Amino acid sequence: MSKRDPLVIVGAGLAGCVLATYLGRRGYPVEVFERHGDPRDAHVAKRPSLNITLCKRGISALERIGAQEIVLRAAAVAYGRKVHALDGTVAYQPYSNTGDALFSISRAALNDVLLSHAEAQPGVRIHFNRRCAQLDLADGVAHFEDTTTGATNAVQAERIFGADGAYSSVRQHLQKTERFNYSQQYLDQGYTTMKIPPLADGRPALDAGAIHIWPRGQRMSIGFPDREGTFNCSLLLPYRGAHSFETLRTEENVLQCFQELFPDAVGLVPGLVEQFFSRPPNSLVTIRCNPWSYEDKVLLVGDAAHAILPSYGQGANAAFEDCRILDQCIDECGGDWYAVFREFEQRRRPSLNVLADLCVEHFVELTEHVADPKFLRRREVERRLEEVYPDLYQPLYSMVSFTSRPYAEALRISRLQSAAIDEIVLIEGIERSVDRPEVRRLLSQSLRDTSAA
Ligand SMILES: Cc1cc2nc3c(=O)[nH]c(=O)nc-3n(C[C@H](O)[C@H](O)[C@H](O)COP(=O)(O)OP(=O)(O)OC[C@H]3O[C@@H](n4cnc5c(N)ncnc54)[C@H](O)[C@@H]3O)c2cc1C
């Protein structure tokens, strides 16, 4: 490869920083362009952030570039979820029997750490306040506007990577090319964020070793701990109808909604009404496109290629995994970028399409079923099966969150095993003991089916 022109990355968000580090470590000159100012600069206004959870597949990708430790140092550890019922009872659901955990961190803090890590690579330079305004796909030229002066400049790139998020400008240029497929699907709900600070004596207001969920059908709140004992909550409401962003217009409406739906949380959120009205709701969207690349010139990664609902907590994890797998493809295909891009898409797109579907399904599970006794019984049986038969059974959630198994393979195994689980949950007294010959037989049979299929 010629060292003359740099690899250009549009977007210094989560995917952009990790990709820059991977490519920088290979010795490529990498220029990253970010439309916003440097968030680490004290003079730059802080944008609202939310908490995200990282799991095994995201962390493995960070480990490869030496970023695991600095990221985990800034994260809180959650070993399970606590489900808050309307009557005030709280049920704890551990994520696994073997101490698997999710790592909760604010997206802003994560981005700061990853920016510094990327910049520490000798070949990587990050330019802030540079918005990608135009792309000349065939020649590999990207045009950037300086958002502080309005001046524009053109950068000749060896390759261009679109890591510019769900509303990617790079993807918009690909959309104008021949036979480009694109779809977007908005959820009927949007979200806003609120904070539960620690108590006056400094203790966290809730158990800081768990993610807290208040499922109320189409409405839901999720509280993510941070290292300082604050909970960053995402409040999910429909855009229209009762208790929706459309109808919650006054202080009374908001308080009444909280008292009806989240009574045990009301006293924990200081300035609840002010927090609620402090910013407009954000929408949630699933975006799919095909292809993710233009010849050997342009490639999309992260949300730019595949924005998904946050129900499985996988968007950033999947974006980091994109970077790890792209790095593998570069290894395997040598200097042939055309082959690298094809191989990457072939490995990733089927899995990400599956993940997008899973996120929609899991969203229904989180909002509707997570407090349903039948659903909880099935989950408890699955947890016991995983405990007693670790060689024969792993629930889908664990395969997604605590392994690096491709998403499509995890779903295939889970679908084949679910018939066995349907039979097992019907066994009288199964919740008291799963250690029975017929259970082992059913699980072994389903596992044989998964290897045969
Ligand atoms: C409510 C919610 C909860 C979530 N929870 C989780 C979770 O628990 N776990 C998880 O793994 N994921 C979670 N996610 C998803 C995760 O936040 C995203 O998948 C992740 O941020 C994607 O990273 P990205 O770098 O592709 O895009 P982004 O993080 O959006 O970064 C894109 C960057 O590109 C820049 N940019 C955009 N346009 C331009 C342009 N024209 N020129 C230059 N720069 C540009 C942007 O300013 C931004 O810095 C959640 C998302 C939401 C909405």
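For the residue pairs LYS56/LYS195; LYS56/LYS297; LYS82/LYS374, alpha carbon separations beyond 21 Å are given by LYS56/LYS195; LYS56/LYS297.
Annotation: the residues PHE277, PHE320, sorted from fewest to most other C-beta atoms within 10 Å of their own C-beta, follow the order PHE277, PHE320. Derived value for the chain: Kirkwood hydrodynamic radius 23.5 Å. Basis is the mean of 1/r over every pair of different alpha-carbon atoms.
Bridgeable aspartates and glutamates around LYS176 (alpha carbons under 16 Å apart, same-chain partners fewer than 8 residues away excluded): ASP136, ASP139, GLU295. If you count the DSSP beta bridges with both ends in the chain, what percent of them are antiparallel, to the nearest 5? If we restrict to bridges inside the chain, about 75 percent are antiparallel. Summing Cβ point charges (Lys, Arg +1; Asp, Glu -1) relative to the Cα centre of the chain gives a dipole of roughly 220 debye. When you filter the trypsin sites (Lys or Arg not before Pro) in the range 23-90 for DSSP loop state and at most 15 other Cβ atoms inside 10 Å of their Cβ, you are left with ARG26, ARG40, LYS46. Counting charges near ASP372 (Lys, Arg +1; Asp, Glu -1) among other residues having Cβ under 14 Å from its Cβ returns a value of +2. Taking every alpha-carbon pair within the range 117-266, the share separated by more than 23 Å comes to 61 percent. Among the trypsin sites (Lys or Arg not before Pro) within the range 384-453, those in coil by DSSP and having at most 11 neighbouring Cβ atoms inside 10 Å are ARG432. In order along the range 281-294, the phi-based Karplus estimate (6.51 cos²θ - 1.76 cosθ + 1.60, θ = phi - 60°) of 3J(HN,Hα) comes to x, 9, 8, 10, 9, 9, 10, 10, 8, 6, x, 9, 9, 10 Hz; Gly and Pro are listed as x. When the GluC sites (Glu not before Pro) in the range 143-242 are filtered for DSSP coil states and for at most 14 other beta-carbon atoms within 10 Å of their beta-carbon, the remaining sites are GLU178, GLU228. Charge tally for VAL354 (other residues, Cβ to Cβ under 12 Å; Lys, Arg +1; Asp, Glu -1): +3. Pairwise alpha-carbon distances in the range 1-117 exceed 21 Å for 50% of all pairs.
Charge tally around PRO263: other residues with Cβ under 12 Å, Lys/Arg +1 each, Asp/Glu -1 each, net -2. Placing one equal scatterer on every Cα of the range 197-241 and applying the Debye formula, the log10 ratio I(q)/I(0) at q = 0.14, 0.18, 0.23, 0.25 Å⁻¹ is -0.38, -0.56, -0.75, -0.83. Converting phi to 3J(HN,Hα) with the Karplus coefficients 6.51, -1.76 and 1.60 and the offset θ = phi - 60°, the range 243-248 yields 6, 10, 4, 5, 8, 7 Hz in sequence order, with x at every glycine or proline.
Remark: LYS176, LYS297, LYS195 ranked as LYS176, LYS195, LYS297, counting other beta-carbon atoms within 10 Å and listing the fewest first.
Across all directions, the average flat footprint of the convex hull enclosing the Cα atoms of the range 358-453 is 6.2 nm². Ordered by the number of other Cβ atoms lying within 10 Å of each residue's own Cβ, fewest first, ILE105, ILE424, ILE325 fall into the sequence ILE325, ILE424, ILE105. Of the residues GLY88, ALA78, ALA20, the one whose Cα sits farthest toward the positive end of the charge dipole of the range 1-104, with +1 on the Cβ of Lys and Arg and -1 on the Cβ of Asp and Glu, is ALA20. Its residues counted as N, the range 99-177 yields a C-alpha radius of gyration over 2.2 N^0.38 Å of 1.37.
The alpha carbon centroids of the range 42-80 and the range 142-213 are separated by 16 Å. Taking 25 °C and 0.890 mPa s as conditions, the range 56-106 diffuses translationally at an estimated 194 µm²/s according to Stokes-Einstein applied to its Kirkwood radius (Cα pairs).
FYI, it's all coordinate maths here, none of it is from the lab. Bear in mind that the values here come from a model prediction, so they are computed numbers and not experimental data. All Cβ positions, glycine included, derive from the backbone under ideal geometry; neighbour counts span all protein chains shown.
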